[in-house]
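**Student:** Structure in structure tokens, see below.
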Amino acid sequence: QVQLVESGGGLVQAGGSLRLSCAASGSAFSINVLAWYRQAPGKQREFVASATRGGTTNYADSVKGRFTISRDNAKKTVYLAMNSLEVEDTAVYYCAAGPLDVRTWGQGTQVTVSS
């Protein structure tokens with residue numbers, strides 16, 4: 001059974017940086033895809049970035065050039081480096097995992113960007 005534990009959220013000023021981490025448990029197959037999603041108040045959860053075990057990455061247009069997803073397969077951990085943060089990036093960030101599609105979600109970590 002896959003379990004995901006996020007860390008690294010917090011309060012940061014606009015233009016600042018944060019790094020999120022997500023430690024996963026489960027088989028390599030079950031965590032082939034590790035991804036980050038976010039949900040802002042009053043909005044639907046949206047895709048942020050994903051990385052496969054083989055190294056393929058994808059990003060939402062809104063974060064391209066500012067956020068970088070990476071993973072350490074040996075540690076079963078995925079990271080999200082967030083730079084040039086904007087107030088609009090304020091949300092609860094969720095780690096997600098699955099073999100091809102996302103099937104398991106973490107509890108989420110709050111990221112708040114102040115102006």
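**Student:** Condition test on Tyr79, is it open to solvent by less than 30 Å² (accessible area, probe 1.4 Å) and not β-branched (Val, Ile, Thr)?
**Tutor:** When the stated conditions are applied, Tyr79 does not pass them.
**Student:** All but one of (1) within 26 Å of Leu11 (Cβ to Cβ); (2) surrounded by 16 or more Cβ atoms within 10 Å (Cβ to Cβ) hold for Val33, so report the exception by its number.
**Tutor:** (1)
**Student:** Let me ask something else. Please specify each residue of segment 59-91 satisfying the condition of being under 10 Å from the mean Cα position of the chain (by Cα) and not small (Gly, Ala, Ser).
**Tutor:** Matches in segment 59-91: Phe67, Thr68, Ile69, Val78, Tyr79, Leu80, Met82.
**Student:** In segment 101-110, is there at least one residue being touching a helix residue (DSSP H, G or I) at 6+ places or on another chain (Cβ under 7 Å) and either in contact (Cβ under 8 Å) with a residue 40 or more places away in the chain or open to solvent by less than 10 Å² (accessible area, probe 1.4 Å) (or both)?
**Tutor:** No, segment 101-110 contains no residue that is touching a helix residue (DSSP H, G or I) at 6+ places or on another chain (Cβ under 7 Å) and either in contact (Cβ under 8 Å) with a residue 40 or more places away in the chain or open to solvent by less than 10 Å² (accessible area, probe 1.4 Å) (or both).
**Student:** Still on this model: Pick out the one residue from Ala96, Ala51, Ala91, Ala24 that is without any contact (Cβ under 8 Å) to a residue 60 or more places away in the chain, touching a Leu at 6+ places or on another chain (Cβ under 8 Å) and surrounded by 15 or more Cβ atoms within 10 Å (Cβ to Cβ).
**Tutor:** Ala51
**Student:** Something else: Taking Leu85 as meeting all but one of (1) crowded, with 18+ Cβ neighbours inside 10 Å; (2) without any contact (Cβ under 8 Å) to a residue 60 or more places away in the chain, write down the number of the exception.
**Tutor:** Condition (2) is where Leu85 drops out.
**Student:** Another question, if that's okay. Being within 12 Å of Gly9 (Cα to Cα) and assigned to a strand (DSSP E or B) is the filter here; which residues of segment 96-115 pass it?
**Tutor:** Once the filter is applied, which keeps residues that are within 12 Å of Gly9 (Cα to Cα) and assigned to a strand (DSSP E or B), segment 96-115 yields Thr109, Gln110, Val111, Thr112, Val113.
**Student:** What are the residues in segment 54-75 that are surrounded by 15 or more Cβ atoms within 10 Å (Cβ to Cβ), closer than 19 Å to Arg103 by Cα and of a type in the set (Ser, Thr, Tyr), if any?
**Tutor:** Hit for segment 54-75 is Tyr59, nothing else.
The values are calculated or read from the model by the stated rules, or taken from the named source; none is laboratory data. All figures in this text were calculated on a predicted structure; none of them were measured in a lab. FYI the Cβ positions are ideal-geometry reconstructions off the backbone, even for glycines, and counts take in every protein chain you see. Accessible surface is based on the protein model in full, side chains and every heavy atom, while ligands, DNA and RNA are left aside. Shrake-Rupley method; radii C 1.70, N 1.55, O 1.52, S 1.80 Å.
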